[in-house]
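J.: Have a look at this one before I ask anything.
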Amino acid sequence: MGRQSTQNVAISTGGGDAPGLNAVIRAVVLSAAHVYHWRVYGIRDGFDGLLDGTPLIELTPETVRGILPRGGTILGTSSRGNPFARKTIVDGEVVITDDSHKVLDRLDELGIEGMILVGGDGTMHIAHDLIRLGGRIVGVPKTIDNDLACTDVTFGFDTALHTATDAIDKLHTTAESHHRVMVCEVMGRNAGWIALNAGLAGGADVILIPEIPFDIEHVCAKLDERNSRGAKFSIIVVAEGAYPIGGKPMYLERGSAGRASRLGGIGRWVADAIAERRPIEVRSIVLGHLQRGGSPSPFDRILATRLGAAAMRLVAQGKWGRMVALRGTEIVDVPIAEAVAMPKLVDPEGELVRTARDLGVELGAG
Ligand code: F6P
């Protein structure tokens, strides 16, 4: 692929998958073809694919036909492929190298004008660093965690919320039948958006989020209170990043250099802590990656489609370094630098938390 009169843009999906990624790819490809007459090339498996020399695939309206309702990403993704700290195995040893310049060189060699990066917090940080090296990038925010700043919502979140709410509804009937406490651990990294929203939508009795460290005695007192009113069962929704006052988030495994890498285990911890303190039958469940799967909800399909079309608009205008975002009812664009400055967390004093408290939901503290 040398330089041609038609301009070329590449698209990559990075980080954990989220329902709606294919809708973005489709929107970019269709609008590039119909309005701008740009060629779109897909990078496979995030930055790893680009650096491994995996050939790019040309994406046409024909190749994206039928992908709108599909979960996952037709391009593949990688949660670990940071080109600034790329891990490779040399002679059986893990070697970490900064291959960021190779990303930009490869795109130049391929005659790619710029890149649309669809990703969450980690991918947007990489985008920001590549832009500082001269990278021509437009960002599209995605994550089921909804923790990316500068956008009201990220696509993927609504679908994950449906999955979590459906699970909580199902747990209710079995909890009630058996007079049990059911603890449901949901994803969200260090943000409580999925837990708080799914907890409210599913009518949970206790919701524990990372933004409000909890006291297990408050949780037990809530169970006592329900018990005294004849409710012999309770539903507890716990964000994977939640932790007790004075404690820290729990991790399942350690990553490179001993750094904590996978959150998990707090649901089980809460269940055990209740069982130690009260003569109640408690069960815990981890929803895990179910929340990332499935067909995107109509809301996520529409949001992803709008963001994809808006990203291609920015590409055609040469407005690099920007991220498309939802503000109120409008799609806007913001500097990627702003989006990565701070994560978007639940405000412990905010209206959503206030609503939960007003309804008597126990948040574990205060
Ligand atoms: O960021 C999305 C997310 O699903 C988080 O909610 C979760 O902590 C993490 O990714 C899990 O990552 P992995 O798929 O690498 O286990």
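What follows is calculated from the coordinates using simple rules that are stated; it is not laboratory data. Remember, predicted model here, so these are calculated numbers, not experimental data. Please note: Cβ atoms are built from the backbone with ideal geometry, for glycine as well, and neighbour counts cover all protein chains shown.
J.: Helix 298-317 versus the longest principal axis of the chain: what is the Cα-based angle in degrees, 0 to 90, to the nearest 10?
T.: Once rounded, the angle reads 30 degrees.
J.: Hey, for a label at K232 modelled as a point 7 Å past Cα toward Cβ, could you say which residues of the range 160-185 have their backbone N under 16 Å away?
T.: 173-182
J.: Here is a further query. Among T54, T173, rank each residue by its count of other Cβ atoms within 10 Å, from fewest to most, as a rough exposure measure. Show your work: numbers first, answer last.
T.: Working: T54 13, T173 10.
Lowest count first: T173, T54.
J.: Please work out the FRET efficiency for the pair D358 and H125, using the Cβ-Cβ distance as r and a Förster radius of 41 Å; give the result to the nearest 0.05. Mind dumping the intermediate values first?
T.: Details: r = 37 Å, r/R0 = 0.90.
So, using R0 = 41 Å, E works out to roughly 0.65.
J.: Would you calculate the separation in nanometres between label points at F84 and T6, each defined as 7 Å from the Cα along the Cα-to-beta-carbon direction?
T.: 3.5 nm
J.: At q = 0.09 Å⁻¹, work out log10 I(q)/I(0) for the chain with the Debye formula, treating every Cα as an identical point scatterer and leaving solvent out; two decimals please.
T.: Log-scaled intensity ratios, in q order: -0.54.
J.: Right, here's the next one. Within the range 195-236, name every residue whose backbone N is under 16 Å away from a label modeled 7 Å from Cα of T174 along the Cβ vector.
T.: Of the residues in the range 195-236, 233-236 have backbone N under 16 Å from the label point off T174.
J.: What is the magnitude of the charge dipole of the range 195-320 about its Cα centre, with +1 placed on the Cβ of each Lys and Arg, -1 on the Cβ of each Asp and Glu, and no other charges, expressed in debye to the nearest 20?
T.: It comes to approximately 580 debye.
J.: Taking the 0 to 90 degree range and rounding to the nearest ten, how far is the long axis of helix 266-277 tilted relative to the main principal axis of the chain, both from C-alpha atoms?
T.: Orientation of helix 266-277: about 10 degrees from the principal axis.
J.: Which cross-chain or sequence-distant (5 or more) residues have an amide H under 5 Å from the amide H of A365, H modelled 1.01 Å from N in plane?
T.: Here D215 satisfy the definition.
J.: Next question, about the same structure. Pull out the extension gain between E330 and D108, defined as 0.36 nm times the separation in residues minus the alpha carbon to alpha carbon distance; nm, one decimal.
T.: 76.6 nm
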